[in-house]
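Here's the structure we're looking at; comments come further down.
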Amino acid sequence: MTVTRNRTHRIAGVEWGTALLALATCFTFTAGIAAITRSFTTAAVSTVCIAAGLVLTLRILPPNR
């Protein structure tokens, strides 16, 4: 019997499903903030803040080995 290694694809150091879920959440919050405030500037600032938080959060998650 041969040994196979099923390595999952990783995005930013985490499994792709976790990264896609985080990205979808980021887009949902951004769209919600843009709809509530009706301000492009506020939506742009919140997008940058949420994206930075997303990157930081994905960096601190422990790798699955």
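Step by step: first the residues of segment 33-65, then only those that are outside any helix (DSSP H, G or I) and of a type outside the set (S, T, N, Q), then the one that is surrounded by the fewest Cβ atoms within 10 Å (Cβ to Cβ). Which residue is that? If you could, list the steps in order and put the result at the bottom.
Residues of segment 33-65 outside any helix (DSSP H, G or I): 38-39, 61-65.
Applying the additional criterion that residues be of a type outside the set (S, T, N, Q) yields 38, 61-63, 65.
Working: 38: 8, 61: 14, 62: 7, 63: 8, 65: 3.
Of everything passing the filter in segment 33-65, 65 is surrounded by the fewest Cβ atoms within 10 Å (Cβ to Cβ).
If the Cβ limit is 6 Å and pairs must be 6+ apart or interchain, which residue in segment 49-62 that is within 13 Å of residue 23 (Cα to Cα) pairs with which residue that is open to solvent by 40 Å² or more (accessible area, probe 1.4 Å) and modelled with pLDDT under 80?
Every condition considered, the pairs that remain are 58/12.
Are there any pairs, at least 6 apart or on different chains, whose C-beta atoms fall under 6 Å, with the first in segment 16-39 and within 25 Å of residue 62 (Cα to Cα) and of a type in the set (A, V, I, L, M) and the second open to solvent by less than 60 Å² (accessible area, probe 1.4 Å) and assigned to a loop (DSSP other than H, G, I, E, B), and if so, which?
From segment 16-39, the pairs are 19/12.
Is it true that residue 30 is part of a loop (DSSP other than H, G, I, E, B) and either surrounded by 10 or more Cβ atoms within 10 Å (Cβ to Cβ) or modelled with pLDDT under 80 (or both)?
On the way: part of a loop (DSSP other than H, G, I, E, B): no; either surrounded by 10 or more Cβ atoms within 10 Å (Cβ to Cβ) or modelled with pLDDT under 80 (or both): yes.
Against the criterion (part of a loop (DSSP other than H, G, I, E, B) and either surrounded by 10 or more Cβ atoms within 10 Å (Cβ to Cβ) or modelled with pLDDT under 80 (or both)), residue 30 does not qualify.
The values are calculated or read from the model by the stated rules, or taken from the named source; none is laboratory data. Just so we're clear, the structure is a prediction, and the values are computed from it rather than from any experiment. Neighbour counts run over all protein chains shown; Cβ positions are idealised from the backbone, glycine included. Please note that ligands, DNA and RNA were not included when accessible areas were found on the heavy atoms of the full protein model with its side chains. Shrake-Rupley method; radii C 1.70, N 1.55, O 1.52, S 1.80 Å.
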